[in-house]
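Since the structure comes first, as C-alpha cells, the remarks are kept for the end.
The values are calculated or read from the model by the stated rules, or taken from the named source; none is laboratory data. This is a predicted model, so every value here is computed, not measured. Ideal geometry is used to build each Cβ from the backbone, glycine not excepted, and the neighbour counts take in all protein chains shown.
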C-alpha cells in the first residue's frame, strides 16, 4: 500500500526478492503486483484468423474492455489508529519530533500522561466489485489492521466499507459497501489461462485511480514464498504500489486474477508481477461472504516435488505426483495407511502434477467425506481411501510429528568412507541433545568430513537418516547394510530429518 505521504515511503518486507509495501504508523502492507491468466481471442485461432485480426481490432478490444471494466473498479483508502502520549491536550512529541534541543526533554518525560488515540493515514489499494449487493474483492494486506476502510467508486462516490472477512493464508479479503447502481465485473476461469495470453491490469498505482496497463501471462503455478497458500499467475503487465487488490482481466473482459505482489529490485515495476488465480479467490470469497471465515480440508502430510533425481530413483516422471516426506500423527493420512516415501499420484480421480496442485485439490474437498487415493509405493501402484478433516488454524505454526516405529537404544559408531559420515544410534541422550522427540527413529549423523560426498549433498551433523532407499533405518547395522548395497554414482535416496521436518534427498558422487 502507498501512503498519502509520498515523500517518505518505506519498503517493509522482502521475501526472496518479492516486495510488498507499507506506510504509516501501523505498517499495513501495500501492494504491488499482479499476475493472472487470460482467455484467448478464440479457442483455436488459425493462421488466417491471426492475419485478419489487425492492430486496430486489438485497440478497439482494449477500449471496449476499459469502458466496461472501469465502473467495477474501486480505490481503497484505509486508516488506522496510533496511541500517543499527550501533554495539555497537545501531542508535543509529534510537534517537536526531530528537534535535537528537545531530545532530553522527551527522554526524561514521566510516563503518566493520558494516552490519546489519533487516527493516522495508513495506505491505499484497489479492489473490484463482484456482486451488485456491494461485495468487493481485494487483498488481505490492503485492509489488514485498518480502523476504517473508505471505498471510492469510478464516478467519485465515497462510502465507508464493512470488512466481511479476510484470509491471511492466501491474501484474499472481502469488503462490502451499501450503495446503489453498482456494476460488478464478470469472473472468468483461471484454469483456462495459458502462457502468452494477453492480460490487462487495473488499479490505482501510486494513487492514480482508474489506470489500465497491458501485458501477457508469463508463467503459471508460481510460488515465490509470499503467502502460505500460493499458485500465482505471473504477468509482465505493469503493476506498482497501489495496484494491490485490483483485477487482472482477459480479452473477454473477465477477471482471471487479483494483483498481489511483484518481484522487484527497485521497488517498482520490473516486469515480474504475481496474481492470485480467480478460481482460488472465488472459492475463498464465497466462504467469507457466507460465514466470514475459510474452512479448508487437510490430510496431514509434508510433501515435496518429484525432482529429476528423485524421479530417476523412483522410476517416475519429473513432477509426476508429490512425494510424502512426513506424516502427522493421528492425521487423515496417518489413519488412511499412507507411509513416508509414498508418491501421491491421484486424489478423487484428479491427477497430481506437483505439490501446489495437490494442495489445491485437498483444501477444497469436503470435510468428513472419503475419497479414493492413488499412490506409488516400492515400485507398485496402490489404492487407498482417505477421509478429509478440517485444517487446524495453527497447522502452519505447530507442524506435526510423523508416525514412526520404535528405535533401538544401543550405542555404536561406524565410519562410511565413501559417503564421508560418521553415524550413531539415536539414543535418548542424543535425541534430547539434538531436540528430537521419542518417536523419531534412525541414525544420527555425528560428523561429516569436509568436501565429502555427504557434505556436497547437503548432509549435516545432527541430522537423522530415517530411510535409505525404501528401507527404514533403525540401527547403524541397517544403515551400513543399506549403503553397501547402494551405488553412489547412480545416487542413493535418503529420508533425512532436521529438527521437526523431514525431506528426501538423492546423495550422489560429485
Based on this model, can you work out whether residue 509 counts as over 22 Å from residue 324 (Cβ atoms) and surrounded by fewer than 21 Cβ atoms within 10 Å (Cβ to Cβ)?
yes
Quick check on the stretch 415-424: of everything there that is part of a loop (DSSP other than H, G, I, E, B) and modelled with pLDDT under 80, which residue is surrounded by the fewest Cβ atoms within 10 Å (Cβ to Cβ)?
417
What about residue 364, is it closer than 21 Å to residue 169 by Cβ and surrounded by fewer than 20 Cβ atoms within 10 Å (Cβ to Cβ)?
yes
Residues in the stretch 220-252 that are touching a helix residue (DSSP H, G or I) at 6+ places or on another chain (Cβ under 9 Å), surrounded by fewer than 24 Cβ atoms within 10 Å (Cβ to Cβ) and at positive phi: how many?
1
Looking at this structure, is residue 234 in the same structural domain as residue 59 (by TED's automatic domain parsing), touching a residue at least 60 places away in the same chain (Cβ under 8 Å), assigned to a strand (DSSP E or B) and within 21 Å of the chain's Cα centre (by Cα)?
yes
In the stretch 288-316, which residues are out of contact with any helix residue (DSSP H, G or I) (no Cβ under 6 Å at 6 or more places or on another chain) and in a loop (DSSP other than H, G, I, E, B)?
292, 293, 295, 306, 307, 315, 316
Could you say which residue among 306, 324, 294, 367 is within 21 Å of the chain's Cα centre (by Cα) and within 30 Å of residue 141 (Cα to Cα)?
294
Residue list for the stretch 438-451, restricted to those being touching a strand residue (DSSP E or B) at 6+ places or on another chain (Cβ under 8 Å) and surrounded by fewer than 18 Cβ atoms within 10 Å (Cβ to Cβ)
446, 447, 449
So residue 285 ticks every box in (1) assigned to a helix (DSSP H, G or I); (2) surrounded by fewer than 24 Cβ atoms within 10 Å (Cβ to Cβ) but one. Which box is left unticked?
(2)
